[in-house]
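Undergrad: For reference, the structure I am asking about is given below.
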Amino acid sequence: MRQLIFTLLCVTSLPLFSQEKGYLTGSLESNSIYYVKDNGLNKENSVDPDDRFGSNNYLKLDYTLGKFSAGIQLEGYLPTLQGYDIGLYGSGKKAILGIKYASWQDENFAFRVGDIFEQFGSGLVFRSYEDRTLGINNSIEGVNASYNFKNYVSVKGLYGRPRLYDSYADSWIRGADLSLSVSDIIGWNSGLLNLEGSVVNRYEALPEDASNALIVDNLNLYSARLNFDYKGINMAAEYVGKGKDASFNASKPVQGHGFLAEIGYNYKALSVLGTYRELNYMNTTLARNGRGVGNVMNYLPALTRQYTYMLANLNPYQVQGDGERGGQLDIYYSIRSKEDRSKYWNLHFNGSMFYSNKNITGKSRLLWRDINADVERQWNRKFKTSLLVSVQEWNPSLGFDDETYLSNIFVLDGLYKFDRKKSIRAELQYLYSQDYEKDWVAALVEFSFAPKWSFSVSDMYNLGTTDTHYYSGSVSYTRKNTRLQLSYGRNRAGYVCSGGVCRYTPAYTGANLTVTSSF
């Protein structure tokens, strides 16, 4: 580790002595919360920390000189915000060198040493990435190289050890990915046909006293993919095979597999996309003793509609990587007025449904169903409305029994622009259910004074069982590349999602200051 950092410092210092000057860019992100005592929250699923302050901070610096680039990211957890798994490791307050790298890239060749972010295919077999909302950074500390030959062949490979929160796992990851453009090789210019494949190995040495029959040291995965695009029709398919690995749902190491298929069609104002996926023992961790959402080697997002509305996202679907099958259908259609192009209708239908696998839950049971439709209407240059209806059914036991909860959700969203700078947006939401916490109502009002100021107030109220208000108010200010937001409110326990991946966060009440800046 020390040798690697020393090498990076030596390499990154070379351009400083060059007569040619490069350029430095950077970004700062700070998210801080002061937690207050709130007797109105359920004590079983809320936070009441001894240290009432939490703060996650990221400072990223990147230097570029021609084909060369290098960078670092400093992270400070002072201490970690509640609900982030990195807070479970080591001491409370910590400052770490989260990312360091040096890279070289020309038209065909790229090489990087340090912390690597990479993805093979859709990520079913391997993905290393950073998501600060979730607290995920499973970058690979090592080397990565790629080469493109006349657009015919693209090959890349990597080797290193994965980051696990504030340290590194005791495992090693190596992998290679190959993409072959058949359409370019045969000179087919009117379409696209690619054949692709990947192999990945995870190695973690067995402990000397290993006696657990579930423990394995070597895990191999492979992926075969097909991509096709022709005259508005696009198709993709991927199959992943996984060697024997430990699973919470099996008494011995088991083999796994995954399958993903997509087909889409676009013609003028119509767009259709259908997706099917099957997962069987595909949860793949970085480390044997790690835990949490950050201890993951592959990418298994929920293939369901990702909502921004409060009640529609109240109980999001949680992927069952060891056993699920299902899919999603999206249909978009747009109608524009010929007399006034500022007036239009956007029609959207979405449906998703997933079932558990028999080998996990004894029989195939419904895990999730969401049938929804929304209509967006731009009435004129100033006024726009949206109406959403969603019927969601989900299984609280993750498929181990037949019980399901049903929710009917209605959202009305309106935006009015007074002029180019001033606007007001309002949401009214209602959730009707005879299950779980039963009925909810929610409302939001947001005032914007572009480009600097924005104000919002909202409330989400459970009138079915708890009679609890989850209120919030915020103000934000933007100047050039810097944005500050201050908010205060009560937050419900539940899942925070980003890109179809979710983490659990306990309930809390507090003041939240967020600062983002770039230069």
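Undergrad: Glu262 is checked against (1) in contact (Cβ under 8 Å) with a residue 40 or more places away in the chain; (2) under 17 Å from Glu238 (Cβ atoms) and fails just one. What number does that condition carry?
TA: (1)
Undergrad: Any chance you could count how many residues in the range 19-77 are surrounded by 13 or more Cβ atoms within 10 Å (Cβ to Cβ), assigned to a strand (DSSP E or B) and free of Cβ contacts under 8 Å to residues at least 60 places away in the same chain?
TA: Counting residues in the range 19-77 that are surrounded by 13 or more Cβ atoms within 10 Å (Cβ to Cβ), assigned to a strand (DSSP E or B) and free of Cβ contacts under 8 Å to residues at least 60 places away in the same chain gives 19.
Undergrad: Kindly provide the set of residues from the range 160-210 that are assigned to a strand (DSSP E or B) and of a type in the set (S, T, N, Q), ordered by number.
TA: Correct list: Ser167, Ser171, Ser179, Ser181, Asn194, Ser198, Asn201.
Undergrad: Among Leu444, Leu428, Leu388, Leu415, which is out of contact with any Phe, Trp or Tyr (no Cβ under 6 Å at 6 or more places or on another chain), in contact (Cβ under 8 Å) with a residue 60 or more places away in the chain and surrounded by fewer than 19 Cβ atoms within 10 Å (Cβ to Cβ)?
TA: Leu444
Undergrad: Closer than 20 Å to Asn39 by Cβ and either more than 22 Å from the chain's Cα centre (by Cα) or polar (S, T, N, Q) (or both), is that true of Thr514?
TA: Criteria not met by Thr514.
Undergrad: Within the range 423-435, identify whether any single residue is assigned to a loop (DSSP other than H, G, I, E, B), among the polar types (S, T, N, Q) and in contact with a Leu (Cβ under 8 Å, 6 or more places away or on another chain), and answer yes or no.
TA: yes
Undergrad: Restricting the first residue to the range 144-159 and requiring it to be on the phi > 0 side of the Ramachandran plot, which pairs with a second residue that is in a strand (DSSP E or B) meet a Cβ separation below 6 Å and a spacing of at least six or different chains?
TA: Asn151/Ser181
Undergrad: Considering only residues that are aliphatic (A, V, I, L, M) and at pLDDT 95 or above, look in the range 447-464 and name the one that is surrounded by the most Cβ atoms within 10 Å (Cβ to Cβ).
TA: Met460
Undergrad: Also, I was wondering about something else. Which one is farthest from Val296 (Cα to Cα), of the residues in the range 211-225 that are in a loop (DSSP other than H, G, I, E, B) and among the aliphatic types (A, V, I, L, M)?
TA: For the range 211-225, the residue satisfying everything is Ala213.
Undergrad: Right, here's the next one. Please tell me if Glu403 is closer than 24 Å to Gly323 by Cβ and surrounded by fewer than 16 Cβ atoms within 10 Å (Cβ to Cβ).
TA: Spelling it out, Glu403 is indeed closer than 24 Å to Gly323 by Cβ and surrounded by fewer than 16 Cβ atoms within 10 Å (Cβ to Cβ).
Undergrad: (1) surrounded by 15 or more Cβ atoms within 10 Å (Cβ to Cβ); (2) touching a residue at least 24 places away in the same chain (Cβ under 8 Å); (3) under 20 Å from the mean Cα position of the chain (by Cα): which one isn't true of Arg291, the others all being true?
TA: Condition not satisfied by Arg291: (1).
The values are calculated or read from the model by the stated rules, or taken from the named source; none is laboratory data. Here the structure is a predicted model, which means the values were calculated and not measured. Because the Cβ atoms are built from the backbone with ideal geometry, glycine has one as well, and the counts that use them run over all protein chains shown.
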